[in-house]
Amino acid sequence: MSSDKKLNVLMCGTGEYTTGWTPSGASKSDKKIGVVGLTLFDLRRLGKVEKLSMVGVNGSKFPAIREHLNANIAQVYKDIDTSFEGFPEEGKVDPEAYKTAIDKLSAGDAVIIFTPDNTHYDIAKYAIERGLHVLVTKPAVQFLKHHLELVQLAAKHKVVCFVEHHKRFDPVYGDAKVRAQTLGECNFFSAWMSQPKSQLETFRAWAGKDSDISYYLSSHHIDIHCWIMQGRAVPTRVVASAATGIATGEPYNCVPQTEDTITLLVDWQSLASSRHRSTAVYTASWTAPMNSGVHSAQHWYYMAEKGEINVDQAHRGYDIVNDATGKSYYNPFYMKYTPSESGHFDGQRGYGYVSIEKFVDAARSVNAGTTTAADFDAHGLPTIANTVLTTAILHAGRLSLDEKRPVYIKQQGDEWVLE
Ligand SMILES: NC(=O)c1ccc[n+]([C@@H]2O[C@H](COP(=O)([O-])OP(=O)(O)OC[C@H]3O[C@@H](n4cnc5c(N)ncnc54)[C@H](O)[C@@H]3O)[C@@H](O)[C@H]2O)c1
């Protein structure tokens with residue numbers, strides 16, 4: 001694999017996940033120096049990646065971002081170069097700068113999209129139509145129709161299109177997925193995921209306006225549940241309920257339609273047995289208490305005919321107490337930021353890193369002609385084709401909230417539709 005041509009990558013979005021830089025300075029979350037940029041800088045050091053570029057909306061942010069990356073990555077880890085080409089240029093504001101940045105790439109190059117949820121579809125479509133491989137963060141898109149269109153476009157242009165569902169690479173989740181298959185028909189699944197209220201400041205530009213907390217956080221565990229159920233059962237009906245009042249009050253003052261906590265209640269029908277139907281409850285909140293010791297609280301429960309599975313991803317049996325800040329639960333299995341014994345970045349085994357590296361490897365092997373993009377669908381990876389039902393459930397949940405009714409998910413031939 002390492003003899004394959006190196007990959008040129010454009011990062012879309014310059015925010016928390018890409019750089020760790022937010023409107024209020026360095027992120028206070030568990031991603032102070034981001035994930036995408038750091039991983040790609042390290043993959044460049046290791047010889048898998050070549051040219052790196054980054055596109056946002058406001059070019060004037062780049063000096064502060066470069067300084068932040070230099071001080072917290074280049075000066076901290078040995079032999080790591082944090083340079084990249086930025087779009088739009090300094091002094092310019094341009095929400096369509098992604099087109100200029102993408103136009104500079106050649107077919108076979110790659111685009112990694114971490115921008116607000118409602119911009120994913122336009123950017124991914126523009127990139128795929130130019131023969132570029134795409135890794136788009138969750139939620140892939142907000143509408144089922146858009147998701148199905150990206151599936152077709154990726155197949156037509158023979159490019160890799162993955163959704164960055166990094167939890168599929170958490171060894172515990174991957175192990176639980178396989179063990180779930182041995183427990184018979186699913187009966188009940190519930191997932192809880194939350195982040196502290198302070199995130200409403202980080203995401204002020206879009207929270208409640210352009211996306212909701214279900215799209216933002218429940219997308220993680222809906223995807224895990226869909227992955228566990230793939231080929232075994234299908235979702236048929238979604239009813240949503242929302243709690244409100246915190247995000248729209250002081251000091252957050254989010255737009256009036258912002259929900260605090262969203263719950264989706266979903267019926268699943270077994271494909272092997274008409275008798276077996278299961279219920280799933282997916283809840284997500286961005287108004288959880290501060291100082292709980294974790295950035296993202298997250299656990300799920302799976303009950304089946306012959307057993308049950310419990311996963312608490314936030315508490316890994318590892319906590320640190322600091323006089324100034326109290327108790328914190330770290331998760332180096334996701335991103336390990338502490339350096340290696342030689343002083344290099346040492347997080348190559350974290351699933352946040354692995355998820356991006358798998359995409360880089362897939363794109364390079366397709367470019368080298370070793371595999372075809374379609375091969376990855378059969379491997380059960382989070383390809384755009386393998387994640388249709390995740391978007392179907394999220395979109396149905398939004399419709400259910402807006403129209404105050406149950407929404408049905410149906411298969412018509414090869415297509416999925418909402419009714
Ligand atoms: N922060 C996380 O922990 C995390 C984790 C997983 C996935 N995500 C996903 O990442 C996406 C948001 O990224 P973030 O968390 O870094 O948020 P953020 O708000 O910190 O950053 C968003 C970035 O997108 C840029 N942007 C907005 N419109 C754009 C456009 N038209 N073209 C190019 N760039 C544009 C903004 O300038 C900003 O740099 C969301 O879809 C979210 O679901 C975030």
Query raised in the report: If you rank Asp175, Asp323 by fewest surrounding Cβ atoms within 10 Å, what's the result?
Result: Asp323, Asp175
Report summary line: Listed by chain and number, the lysines with an alpha carbon less than 21 angstrom from that of Lys410, same-chain partners under 8 positions apart left out, are Lys145
Report summary line: Taking 344-353, 27-36, 396-405 and ranking on average Cβ neighbours within 10 Å, highest first, one gets 27-36, 344-353, 396-405
Report task. Using a/c under 1.5 as the rounded threshold, could you call the chain rounded, prolate or oblate? The axes a ≥ b ≥ c are square roots of the C-alpha gyration tensor eigenvalues, and prolate needs a/b larger than b/c, oblate otherwise. Result -> rounded
Report task. Could you point to the residue in Trp21, Thr119, Ser60 farthest towards the positive end of region 1-149's charge dipole, with +1 and -1 charges on the Cβ of Lys/Arg and Asp/Glu respectively? Result -> Trp21
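At R0 = 41 Å, how high is the FRET efficiency between Asp79 and Asn253 if r is their beta carbon distance? Nearest 0.05 is fine.
E(calc), rounded to 0.05, equals 0.35.
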Requested in this report: Apply the Kirkwood formula to region 138-253: the hydrodynamic radius equals the inverse of the mean of 1/r over all pairs of different alpha-carbon atoms; give it in Å with one decimal.
Outcome: 16.9
Query raised in the report: What residue among Thr22, Thr370, Thr258 has the largest mean-square fluctuation in a Gaussian network model of the chain, using Cα springs under 10 Å?
Result: Thr370
**Report entry** Debye, to nearest 20: dipole size of the chain, +1 on Lys, Arg Cβ, -1 on Asp, Glu Cβ
**Finding:** 460
Report task. Return the percentage of antiparallel bridges among DSSP beta bridges fully within the chain, rounded to the nearest 5 %. Result -> 65
Report summary line: Expressed in nanometres to one decimal, the distance between label points 7 Å along Cα→Cβ at Trp206 and Asp402 is 1.7
Report task. Any of Lys51/Lys197; Lys197/Lys327; Lys158/Lys336; Lys78/Lys358 with alpha carbons more than 30 Å apart? Name them for me. Result -> Lys51/Lys197; Lys158/Lys336
Report summary line: Among region 151-175, those whose backbone N falls under 17 Å of a label point 7 Å along Cα→Cβ from Asp377 are 151-163
Query - Leu271 versus Asp94: modelled label distance in nm, points set 7 Å from Cα along the beta carbon direction - result: 4.6
Query raised in the report: What is the spin-label model distance, in nm, from Ser292 to Ala155 if the labels are put 7 Å beyond Cα along the C-beta direction?
Result: 4.1
Query - Three-way shape call for region 239-303 based on the alpha-carbon gyration tensor, with the a/c threshold at 1.5 - result: oblate
Report summary line: Yeah, region 313-412 with a ≥ b ≥ c from its alpha-carbon gyration tensor (a/c under 1.5 is rounded, else prolate when a/b outruns b/c, oblate otherwise) is oblate
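We did not get these values from a lab; they are worked out from the coordinates using the rules stated. Treat the numbers as computed from the prediction; the structure is a model and nothing was measured. Glycine gets a Cβ as well: all are built from the backbone with ideal geometry, and neighbour counts include every protein chain shown.
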